[in-house]
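The values are calculated or read from the model by the stated rules, or taken from the named source; none is laboratory data. Note that the structure is a prediction, hence the values are computed from the model and not measured. Note that we place each Cβ from the backbone using ideal geometry, even for glycine, and neighbour counts take in every protein chain shown. The accessibility values were calculated without ligands, DNA or RNA, using every heavy atom of the protein model including side chains. Shrake-Rupley method; radii C 1.70, N 1.55, O 1.52, S 1.80 Å.
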Amino acid sequence: MSGPEGTCFEGGVFPAKIIFPTDYPLTPPKMKFTCEMFHPNIYSDGRVCISILHAPGDDPMGYESSAERWSPVQSVEKILLSVVSMLAEPNAESGANVDASKMWRDERELFNRRAKEIVKKSLGLDKTDTS
Amino acid sequence: MRGAALTTASFVLTAAVVGHAYYQKKQFYPSVVYITKSNPSMAVLYIQAFVFVILMGKLVKKVFFGQLRASEMEHLIERSWYAVTETCLAFTVFRDDFSPKFVAMFTLLLFLKCFHWLAEDRVDYMERSPVISVLFHLRVLTLLLFLGTLDSLWVNFAYHSTLTKGATVQLVFGFEYAILFTIICSVLLKYVLHTIDLQSENPWENKAVYMLYTDLIMGFIKVFLYTAFVAIMIKIHTFPLFAIRPMYLTMRSFKKAVNDIIMSRRAIRNMNTLYPDATPEELASMDNVCIICREDMNTACKKLPCNHIFHTSCLRSWFQRQQTCPTCRMDVLRASVRQIQQPPAQQPQQPQQPQANNMPQPGQAMPPFPGYPFGSHPFSREQDSPMLPLEVLLLHQGSRNLPLLEVTSNSPRHRLLKSHRQRHLLLSTSKSFNFSSRDYDRAIYNYHRCTAGCTRYSTKCNAWDAWNASHATIYDASSFSNDATIWFTQVTHLA
Ligand SMILES: [Zn+2]
Ligand SMILES: [Zn+2]
């Protein structure tokens, strides 16, 4: 997945895994970035936390309405599209990564710099190579 | 590495303590007395015992689980923290009984609890794992047998001890092991259900029902145990603070299990009695693919009050999980109440109204649905304006006849994406396999079914493999002009 243009993740190429359960499409697949990510809605181990990947029954964040949740009508493209939108516009309220949420809210500059580092890492460029 | 160093250090210290004692006293019994009299020596021995427990844990883990998955590890650590805090709280209640033996028994309890949790996680994982080896079955069965035997022995021991010596701390142990025993029972039941499901070629429709009932019965037993325990504790001691959190969690999950069963039963009953079978004309007038299984619909289909049609069997499986329309998310339970209250003449239009103006013409590839994917997202919540759907249309374009997905949306969140340019998602491969979006989804689905041990889909699976082998990418058509690109890198099962 590549970072959306015009955002701090622009230019990055982020490998991810999508894991399908045996009763797909009745239960949602899981998505996990296999590279380092720093984003309010991505856990530090790479798991993506967006409402479209949550079954309506379980509500880890406690505020999402079931209208945004998983249903068999969703497809892989829609998931990917949602994830791209999520990269473009993090949702700091459902903080999977609390540090990142805080930084996104309060210190946007720092967050952008951190994101740029992630982008560089995803492209295999070391920090020392570019500076 | 650090663990190994600490282990070695503790062994060296123990050897030194024992060696020193023996050197001083020259005989076995005096050495033992010497060690037990000296506090530092005992401290070293306690640490050694603790190290032994951890080593033992590692050994058992290796034998029964092999490598732990990251999520299992995370789960384990989180639950251990709670268990340790609760144990400390329990110590305050039983401070009179406090002794090394007491601590040792609590450690053992905690130790066994960890393996119960791991067994639970492992069996849940069966559902998501395509290949289950013989070793897996062997490990799970022996582990369950082992843990179950230990639990029942402990319960038995605690029961007799309470009868003969009256209520002591053994009551707590007896109760804790009884709870663990119910965990083992429910894990075993789920294991049996998963195994039956894996053996059968087609997905087992009623599995979800049995799972719900398993949760219900086990939830009931646990709630009963907790209530009895708290009642007894209040009577003989004080209120057991340490039991509050697990008791609350148990009550909550029991309530959820009851609720789930009632709702799904009601939805399925509605489906069988209230909803009409889809007529052949209705099936012919639309893209007659069932959105759940992505197979064509010919017979045995039901029409929901919102006019969406699905296979009856698919719908049943879905209702066991959710009681909404898979396409438009209409709450079928609420809708059916409304339907009964409405005069029959108004029936056909009424439930459709909320999204009537967004409905596509029949024949368009994918129906839009309200709220997808961010319509009611906290960022894009517009209180007064109606929710605008994201429309996904399939267009065929270009000399290579590549199917193109055009995405248009008026949701504020997508305006951002649109502001760059219209988003074009193009599905293509570097070789000559061209798949439409539906084929693509179906391919993934069938690939999945295939690796899960279903032979029915093998031809489609070959197509998928070929497709997969050609390093398929979904990418943005306008990526050539520097627009956002999605590389769909891997579709993998969890290793
Ligand atoms: Zn179907
Ligand atoms: Zn519907």
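What to note about this one:
- Unmet requirement for B:Arg139, which otherwise passes all of (1) closer than 26 Å to B:Phe239 by Cβ; (2) in contact (Cβ under 8 Å) with a residue 24 or more places away in the chain: (1)
- Exactly one residue out of B:Thr312, B:Thr273 is more than 16 Å from ligand 2 (Cβ to nearest atom), of a type in the set (Ser, Thr, Tyr) and over 22 Å from the mean Cα position of the chain (by Cα): that is B:Thr273.
- Test for B:Ala278: is it buried (at least 17 other Cβ atoms within 10 Å of the Cβ), within 30 Å of B:Ile183 (Cα to Cα) and either within 15 Å of ligand 2 (Cβ to nearest atom) or in the same structural domain as B:Asp96 (by the TED database) (or both): no
- Tallying residues that are under 30 Å from the mean Cα position of the chain (by Cα), open to solvent by 70 Å² or more (accessible area, probe 1.4 Å) and charged (D, E, K, R) within segment B:43-100 yields 4.
- Any hit, segment B:218-233, residues being touching a residue at least 12 places away in the same chain (Cβ under 8 Å) and under 30 Å from B:Val134 (Cβ atoms): yes
- Test: B:Glu176 is outside any helix (DSSP H, G or I) and not hydrophobic (A, V, I, L, M, F, W, C): no
- Segment B:287-305 - residue that is surrounded by fewer than 18 Cβ atoms within 10 Å (Cβ to Cβ) and over 21 Å from A:Asp23 (Cβ atoms) and, of those, nearest to ligand 2 (Cβ to nearest atom): B:Lys303
- Scanning segment B:105-159 for residues that are within 14 Å of chain A (Cβ to nearest Cβ) and not in a helix (DSSP H, G or I) turns up B:Glu127, B:Arg128, B:Ser129, B:Pro130, B:Val131, B:Ile132.
- Qualifying positions in segment A:35-46 - open to solvent by 10 Å² or more (accessible area, probe 1.4 Å) and more than 8 Å from chain B (Cβ to nearest Cβ): A:Cys35, A:Glu36, A:Met37, A:Phe38, A:Tyr43, A:Ser44
- For beta carbons closer than 6 Å, sequence separation of 6+ or different chains, a first residue in segment B:1-15 that is touching a residue at least 40 places away in the same chain (Cβ under 8 Å) and a second that is crowded, with 16+ Cβ neighbours inside 10 Å and of a type outside the set (Ser, Thr, Tyr), the qualifying pairs are B:Thr7/B:Val51; B:Ser10/B:Gln48; B:Ser10/B:Val51.
- Figure legend. Inter-residue proximity from segment B:28-51: first residues touching a residue at least 40 places away in the same chain (Cβ under 8 Å), second residues buried (at least 18 other Cβ atoms within 10 Å of the Cβ) and among the small types (Gly, Ala, Ser), beta-carbon distance below 8 Å, spacing 6+ or different chains. Indicated pairs: B:Val51/B:Ser10.
- Set side by side, the residues A:Ser75, A:Ser71, A:Ser94 differ, and just one is open to solvent by less than 10 Å² (accessible area, probe 1.4 Å), out of contact with any strand residue (DSSP E or B) (no Cβ under 6 Å at 6 or more places or on another chain) and at pLDDT 80 or above, which is A:Ser71.
- A:Val83 vs. criteria β-branched (Val, Ile, Thr) and modelled with pLDDT of 85 or more: yes
- Restricting attention to segment B:153-193, the residues being under 29 Å from the mean Cα position of the chain (by Cα) and loosely packed, with under 15 Cβ neighbours inside 10 Å number 1.
- Looking across segment B:279-301, the residues that are among the aliphatic types (A, V, I, L, M), outside any helix (DSSP H, G or I) and within 13 Å of ligand 1 (Cβ to nearest atom) come down to B:Val289, B:Ile291, B:Ile292, B:Met297, B:Ala300.
- Within segment A:1-33, the set of residues being at the interface with another protein chain (Cβ under 7 Å from one of its Cβ atoms) and farther than 23 Å from A:Trp70 by Cα comprises A:Ser2, A:Pro4, A:Glu5, A:Gly6, A:Val13.
- Scanning segment B:45-70 for residues that are assigned to a helix (DSSP H, G or I) and basic (Lys, Arg) gives B:Lys58, B:Lys61, B:Lys62.
- The residues listed here are B:Ala228, B:Ala243, B:Ala284; of these, the one that is more than 16 Å from ligand 2 (Cβ to nearest atom) and in contact with an Asp or Glu (Cβ under 9 Å, 6 or more places away or on another chain) is B:Ala243.
- If only residues of segment B:308-326 that are open to solvent by less than 20 Å² (accessible area, probe 1.4 Å) and outside any helix (DSSP H, G or I) are counted, the one that is farthest from ligand 1 (Cβ to nearest atom) is B:Cys325.
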